[in-house]
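Below is one structure; the comments refer to it alone.
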Amino acid sequence: MSDDDLTEAARDLWDGLGSAWDRHRDHVFAGFLPASEWIVDRIEPRPGATILELAAGPGETGFLAADRIGPEGRLISTDLAPAMVEAARRGAEARGLSCVECHVMDAQDLELPDDSVDGVISRLGLMLTPQPARAFREIRRVLRPGGRLAYAVMGAPERNAWVALMMGALIQNGHVPPGDPFGPGGVFSLSAPDRNQELLTATGFSAVTVREMEGVMEYAGFDAYWAVQTAVSGPVPALVASLPADEAAAVRSTLEATLEPFRSATGYSIPTLAVVAGATA
């Protein structure tokens, strides 16, 4: 599949999941809150600044920045999927954030002038671009001299059991999710910290910082876990929906057993790991 085909497939996939991400926005945001806070702190948004958010999904990380740039600033919240953009627009309106504007935009082809933004942020989105180097070059182009980029991508699968165990249960029962999670545009395509360091350096950024950051996903019980993961996890919702009842039940049984080590007093507490990176144009 060509890079253009991968981009179109990603648009279709995440557009179909927009309403689910809107519905579960608070849950996913909480699981990676330390990464979101690090991202926003790293770009040091000041009142009146122009900030660009890429692959924003429902937009929560950008809303943290919007609070700091104030009504005189400008947050350009973008996503490849129109349904995600609409979710972000609803979120901004619900919070009364007048500085937020929402646009459909491909991170690999930014429809913005050169040297037009003060900072760029992205949480769990840039790993989904088939050509990350192209995206970083575009980011470098639109940043003003001295402007900052900060983002988070998914860390190693063995330290993201909240998503990896769901995929594992499907595979153990003979149902392989489509796509290569480590290939171009895959959820773990940028999970190696060194890969991010190399890409940022190669595309002209300086003062590069890359580190891992832990978080936790909380679920009230197995039914809550199942409801969230079969709604928001990339290709998983469509695959699970296609299974006959007995095969879906087998996946549930396998998954519930593998989740047992993460049982807590209130349900499940499952660690997350993000790779966070910051750099200067």
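Are there chymotrypsin sites (Phe, Trp or Tyr not before Pro) in the range 177-218 that DSSP puts in a loop and that have at most 16 other Cβ atoms within 10 Å, and which ones?
Details: sites: Phe182, Phe188, Phe205; in loops: Phe182, Phe188, Phe205.
Those satisfying the criteria are Phe182.
Judged by the ratio a/c of the largest to the smallest principal axis of the C-alpha gyration tensor, the range 120-242 counts as prolate, that ratio being 1.5 or greater while a/b is larger than b/c.
Under the shape rule built on the C-alpha gyration tensor, where the axes satisfy a ≥ b ≥ c, the range 19-142 is rounded, since a/c falls short of 1.5.
Modelled spin-label separation between Glu260 and Thr201, with each label point placed 7 Å from Cα along the Cα-to-Cβ direction: 4.6 nm.
At q = 0.15, 0.32 Å⁻¹, what log₁₀ I(q)/I(0) does the range 23-71 have when each alpha carbon counts as one equal point scatterer in the Debye sum? Per q value, in the given order, log10 I(q)/I(0) is -0.38, -1.30. Taking the range 127-168 and a reference point 7 angstrom along Cα→Cβ of Asp12, the backbone N atoms nearer than 20 Å belong to 128-131.
What FRET efficiency comes out for Ala156 versus Asp67 if R0 is 30 angstrom and r is the Cβ-Cβ distance? Round to the nearest 0.05.
Working: r = 32 Å, r/R0 = 1.05.
Once the sixth-power term is evaluated, E becomes 0.40.
Counting only helical runs of four or more DSSP H residues, what would the 222 nm mean residue ellipticity of the chain come to if each run contributes -39,500 (n - 2.57) and the total is spread over all its residues?
Details: 12 runs with 126 residues, N = 281.
Roughly -13500 deg cm²/dmol at 222 nm, from the helical runs in the chain.
Just Asp22, Asp118, Asp41 to compare: in a GNM of the chain, with alpha carbon springs under 10 Å, which one fluctuates most? Highest fluctuation of the listed residues: Asp41.
Using only C-alpha atoms and all pairs of different ones, pull out the Kirkwood radius for the chain in Å with one decimal. Provide the component values of the computation, followed by the final result.
On the way: mean 1/r = 0.0526 Å⁻¹.
By the Kirkwood definition, the hydrodynamic radius is 19.0 Å.
All of the numbers you see were taken from the coordinates with simple rules; none came from a lab. Please read these numbers as outputs of a predicted model, since none were measured by experiment. Because the Cβ atoms are built from the backbone with ideal geometry, glycine has one as well, and the counts that use them run over all protein chains shown.
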